[in-house]
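Undergrad: Input: one structure, supplied below.
The values are calculated or read from the model by the stated rules, or taken from the named source; none is laboratory data. Source: prediction; values computed, not measured. Every residue, glycine among them, receives a Cβ derived from its backbone with ideal geometry; neighbour counts consider all protein chains shown. With ligands, DNA and RNA removed, areas are computed over all heavy atoms of the protein, side chains included. Shrake-Rupley method; radii C 1.70, N 1.55, O 1.52, S 1.80 Å.
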Amino acid sequence: MAAKDKVCTYIPPFYVYLTHYIAKGSKSRKQVVKNLSADLMKIVNLIMSRQLDPCIIFSFSKKDCETYALQMSRMEFNNDDEKALIDKVFFNAIEGLSEDDKTLPQIHTLLPLLKRGIGIHHGGLLPILKEVIEILFQEGLIKCLFATETFSIGEYDNMYTYIMTYMTIY
């Protein structure tokens, strides 16, 4: 079933808020991110099993978005046809980049995630990559998107699952 076919007018979007309060000196930031990553994997598995995808996981840190996405890289959400389509869209988009830009780590890190149905969207990405991710998400090829506040949900606010990793920025 395509993402566009899943709109239900009777049930509001399913919101999940994950809040983690860190007492001073109790846990390191690295340990909190590791624990939250394990929780996110369980929640995303639940979302996918109940067909509540796609989901957008908001984090206020670019580094956290990348960390969470890379830790989810063992999960597989797309079939072979979707992977081929993602390859085509991705390589058509980066064709216009300079040779130096094509060798950037974000180019090589992003494609394997996208093929699995996992996306990252934050201000540190090249604009063409952000545009590709937005197109793939809109077409239902990204099932799990890790994003900062730079991802505007105004045009994507149909029937999605939203997960907030923290309730405050600071």
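Undergrad: Just to check I understand the Karplus step: with θ = phi - 60° and J = 6.51 cos²θ - 1.76 cosθ + 1.60, what whole-Hz values come out for the range 47-53, glycine and proline as x?
TA: 4, 5, 5, 9, 6, 9, 7
Undergrad: Relative contact order, percent, of the range 41-170 when contacts are C-alpha pairs under 8 Å separated by at least 6 residues?
TA: In percent, rounded to a whole number, it is 44.
Undergrad: Return the distance in nm (one decimal) between the two label points of a simple spin-label model at GLN71 and GLU95, each offset 7 Å from Cα along Cα→Cβ.
TA: 3.8
Undergrad: For the range 54-145, with all protein chains present and a 1.4 Å probe, just round the carbon and sulfur fraction of the accessible area to a whole percent.
TA: The nonpolar share, carbon plus sulfur, comes to 52 percent.
Undergrad: Next question. Please give the solvent-accessible surface of CYS65 in Å², to the nearest 10, using a probe radius of 1.4 Å with every protein chain present.
TA: 0
Undergrad: If the only charges are +1 at each Lys and Arg Cβ and -1 at each Asp and Glu Cβ, what is the size of the charge dipole of the range 55-167 around the Cα centre, to the nearest 20 debye?
TA: 360
Undergrad: Heavy atoms only, probe 1.4 angstrom, no DNA, RNA or ligands counted: give me THR150, THR161 ranked by accessible area, highest first.
TA: THR150, THR161
Undergrad: Under a 5 Å amide H to amide H cut-off, with H placed in plane at 1.01 Å, what residues pair with TYR160 once short-range neighbours are removed?
TA: Close amide H contacts, sequence-distant or interchain: PHE14.
Undergrad: Cα-Cα over 21 Å: which of LYS102/LYS143; LYS63/LYS83; LYS42/LYS88; LYS62/LYS88; LYS62/LYS143?
TA: With Cα atoms farther than 21 Å apart: LYS102/LYS143; LYS63/LYS83; LYS42/LYS88; LYS62/LYS88.
Undergrad: Using a 1.4 Å probe on the protein heavy atoms only, what accessible surface does ASP39 show? Give it in Å² to the nearest 10.
TA: 60
Undergrad: Regarding the range 53-152, what whole-number volume in Å³ per residue does the convex hull of its Cα atoms give?
TA: 89
Undergrad: What number comes out for accessible area per residue over the range 36-111 if the probe is 1.4 Å? Units Å², please.
TA: 55
Undergrad: Related question: Take ILE135 and ASN79, extend 7 Å from each Cα along the Cα→Cβ direction, and tell me the distance between the two endpoints in nm.
TA: With each label point 7 Å from Cα toward Cβ, the separation is 2.3 nm.
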